[in-house]
Amino acid sequence: MQGNAVRAGVLGAGDGLTTNISVILGVAGATTDTSTVRLAGIASLLAGAFSMAAGELVSVRAHDELVQHEINVERRELSDDPTGEQLELATMYRARGVPSADATTVARILMANPALALDTHARLELGIDPGDTGSSRQAAAVSFLSFALGAVLPLLPWFFTTGTPAVLSSIVIGALAALALGATIGSFSEQGVWRTAGRQFLAVTVAASVTFGVGHLLGVGAS
């Protein structure tokens, strides 16, 4: 669970970085007003962070409720028809290559322990790990904080400088953060640090470049 939380945090930070540097540079391409860029960046940070948190809260809770429902159904079936469930369990073991006599013995031993029988049925029949349930509040908090962390990085220069220096600082910070996040993702996925770092860098670069160009065109048109 801790590993999942870390991975979710890294991915959330990547989303926050890509989203906010795109918004910031898009607005910066349209206007030279620092306060407007700063306001857009803050609004994007908060909107994205709350959206991510709400999404995780709902999805994790829905997943846990679905898992619990499936387990409750299996619990009732074990109580109502233990003989049939024992035969079903033996059949599943035979399907996995266990000799018929051994499968029957194993099923009988497991069925003697209701908790173990339920756990085994959930894993083999439903493909569910009863212990694989997360905290929806924890998931929401991790998503909120990680998105906000990634989103605040390209926004920081706009609190200390203006104009072209702020734009360039956002680009440099965004590029370095994208490479770092990509490398971290690569270390988790074992897909190659340089490969994932380059991929993350390219994604951020394309998104930021397109939005800056669109913002510049719209700004020129508006003027």
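Structure notes:
- Dipole magnitude (debye, nearest 20) for the stretch 70-124, charges at Cβ of Lys, Arg, Asp, Glu: 220 debye
- Using C-alpha pairs below 8 Å separated by at least 6 residues, the relative contact order for the chain is 40 percent.
- The stretch 182-194 - phi-based ³J(HN,Hα) in whole Hz, Karplus 6.51/-1.76/1.60, Gly and Pro as x: x, 5, 5, 4, x, 5, 6, 7, 6, 9, x, 4, 5
- Fewest-first sequence of Ile42, Ile185 by Cβ atoms within 10 Å of each Cβ: Ile42, Ile185
- Considering only Ile171, Ile128, Ile109, the mean-square fluctuation computed in a Gaussian network model of the chain, springs between alpha carbons under 10 angstrom, is largest for Ile109.
- Principal axis box of the chain, alpha-carbon based, largest edge first, Å: 80, 32, 28
- Residue of Ser170, Ser146, Ser100 that the Gaussian network model of the chain assigns the largest fluctuation, springs spanning Cα pairs under 10 Å: Ser100
- For the stretch 70-124, the average shadow cast by the Cα convex hull is 3.2 nm², which is a quarter of the hull's surface.
- Phi angles of the stretch 46-57 translate, via the Karplus equation with coefficients 6.51, -1.76, 1.60 and θ = phi - 60°, into HN-Hα couplings of 5, 4, x, 5, 5, 5, 4, 5, 5, x, 5, 4 Hz per residue; Gly and Pro are given as x.
Each value in this text was obtained by applying a stated rule to the coordinates, not by laboratory testing. This is a predicted model, so every value here is computed, not measured. Cβ coordinates were reconstructed from backbone atoms using ideal geometry, including for glycine residues, and neighbour counts include every protein chain displayed.
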